[in-house]
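Bear in mind these aren't lab numbers, they're just calculated from the coordinates by the rules spelled out. None of these values were measured; they are calculated from a predicted model. Positions of Cβ are generated from backbone atoms using ideal geometry, with glycine treated the same way; all protein chains shown enter the neighbour counts.
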Amino acid sequence: MVKYVAKRVAYMFFVLFVVTTITFFLMHNIPGDPLTALVQKLPEQTKANYYAKYGLDKPVYEQFLLFLKGIFTEGSLGESIRYPGRMVLDVIKKYAACSGQIGVAAVAIGFVLGTMFGVISALKKNKLPDKILSLIAILGVSLPVFVVASVLQYIFTLKIPILPTMGWGEPKHMVLPIICMSLSPLATYTRYMRSSVLDVVNQDYITMAEAKGMSFGMIVRRHILRNSILPSLTILGPNIADVFTGSFIIESIFSIPGLGSYYITSVTDRDFPMIIGSTMFYTGIYILSLLIVDILYVIIDPRIRLSETK
């Protein structure tokens with residue numbers, strides 16, 4: 001197990017380096033630079049000072065080496081061009097926490113409820129619970145998140161004014177954003193679990209367990225749930241990463257100071273340090289979540305552990 005995790009961690013750093021390198025050179029190959037609009041009315045010497053400050057007066061390969069030097073020697077991702085005086089790492093630390101609180105809670109709720117709904121829907125196939133839960137899954141996948149957010153704001157802030165429309169700082173500010181973000185994961189996991197459970201219940205070992213007199217609850221816990229949850233775990237990793245990268249719509253609607261809005265703004269403003277820093281953060285979250293999912297694979301299914309050993 002330790003050897004497996006160590007190998008995956010080594011792959012993680014390699015992937016992170018490759019993504020960082022590609023992103024860095026792609027950014028700098030786009031015509032123009034991020035300082036043109038900011039310094040066009042300044043004296044020439046002042047312009048030169050700005051370009052020297054951010055290293056934009058050097059060849060691209062030298063800029064890349066300076067960037068790597070800053071990471072390994074100072075632990076720094078540089079200073080934001082759009083927000084002078086603000087270090088990229090400080091911005092990520094401060095605003096990623098807001099996105100993470102909402103996103104992780106939304107994925108956790110969606111995963112738990114989706115797993116439950118999927119099992120119930122499969123075990124009650126073609127009955128009323130199955131039809132109701134299937135309808136919820138279809139709506140969760142089909143409805144755009146901004147439509148759901150607008151409806152929830154209308155109901156719970158205008159018709160029944162019990163929750164704030166926007167803002168941040170108190171638990172009540174998180175309720176509506178979490179509901180909005182959890183609908184899509186809930187629908188996805190419901191559909192995956194329903195399909196997987198329907199496949200598992202027809203297996204011979206389920207029939208054998210029933211023949212041995214094992215209780216229905218024990219069969220569900222030990223055999224059905226454990227063997228059918230792997231497909232859902234497969235998409236759990238990307239979902240965790242998506243809550244950071246795809247939450248900027250929710251953050252905009254509910255005025256949440258999250259990292260998603262900063263990332264979009266940095267791309268628009270061509271804030272190179274902020275773009276590369278955010279990309280590294282999102283890539284790290286993504287590959288880390290995949291590692292966690294792979295470890296859960298090994299824990300839940302001993303066959304994977306045995307095949308890896310062989």
Cα extents of region 48-103 along the three principal axes, largest first (Å): 41, 23, 16
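With charges only on Cβ, +1 for K and R and -1 for D and E, what is the dipole size of the chain about its Cα centre, in debye, rounded to 20? Walk me through the numbers before you get to the answer.
On the way: 28 positive and 19 negative charges, 185 e Å.
I would put it at about 880 debye.
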Karplus-derived 3J(HN,Hα) from phi for region 195-203 (6.51 cos²θ - 1.76 cosθ + 1.60, θ = phi - 60°), whole Hz, x at Gly and Pro, runs 5, 5, 5, 4, 6, 6, 5, 8, 6
Taking N as the number of residues in region 65-173, what value does Rg over Cα atoms divided by 2.2 N^0.38 Å take? 1.64
Based on the mean of other Cβ atoms within 10 Å per residue, sort peptides 121-133, 173-185 so the most packed one is first. 173-185, 121-133
Once the piece of chain linking MET87 and TYR50 is laid out straight, how much longer is it, given 0.36 nm per residue of separation minus the C-alpha distance between them? 11.7 nm
Using alpha carbon coordinates only, what is the Rg to Rh ratio of region 116-250, with Rh defined as the Kirkwood radius? 1.09
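Efficiency by 1/(1 + (r/R0)^6): what FRET value for PHE216 and ILE299, r their Cβ-Cβ distance, R0 = 30 Å, to the nearest 0.05?
Computed FRET efficiency for PHE216 and ILE299 comes out at 0.75.
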With -39,500 (n - 2.57) per DSSP H segment of 4 or more residues and division by the full residue count of the chain, the 222 nm estimate, nearest 500 deg cm²/dmol, is -23500 deg cm²/dmol
Mind pulling the angle between the C-alpha long axis of helix 128-142 and the longest principal axis of the chain? Nearest 10 degrees, somewhere in 0 to 90. 10
All aspartates and glutamates inside 17 Å of LYS172 as judged from Cα atoms, apart from same-chain residues fewer than 8 positions distant: GLU251
Hey, rough spin-label estimate for ILE264 and TYR11, points 7 angstrom out along Cα→Cβ, what's it come to in nanometres? 3.3
By how many degrees, between 0 and 90 and to the nearest 10, does the Cα long axis of helix 259-269 differ from the longest principal axis of the chain? 40
Of LYS124/LYS159; LYS125/LYS159; LYS7/LYS69; LYS124/LYS212, those spanning more than 28 Å from alpha-carbon to alpha-carbon: LYS124/LYS159; LYS125/LYS159
So, with points 7 Å from each Cα along the Cβ direction, the ALA97-LYS172 label distance in nm works out to 2.3
If one builds a Gaussian network model of the chain from Cα atoms under 10 Å apart, the most fluctuating residue listed among PRO59, PRO273, PRO238 is PRO59
Which whole-Hz couplings ³J(HN,Hα) result when phi for each residue of region 96-102 is put into the Karplus expression 6.51 cos²θ - 1.76 cosθ + 1.60, θ = phi - 60°, listed in order with x for Gly and Pro? 5, 4, 5, 4, x, 4, 6
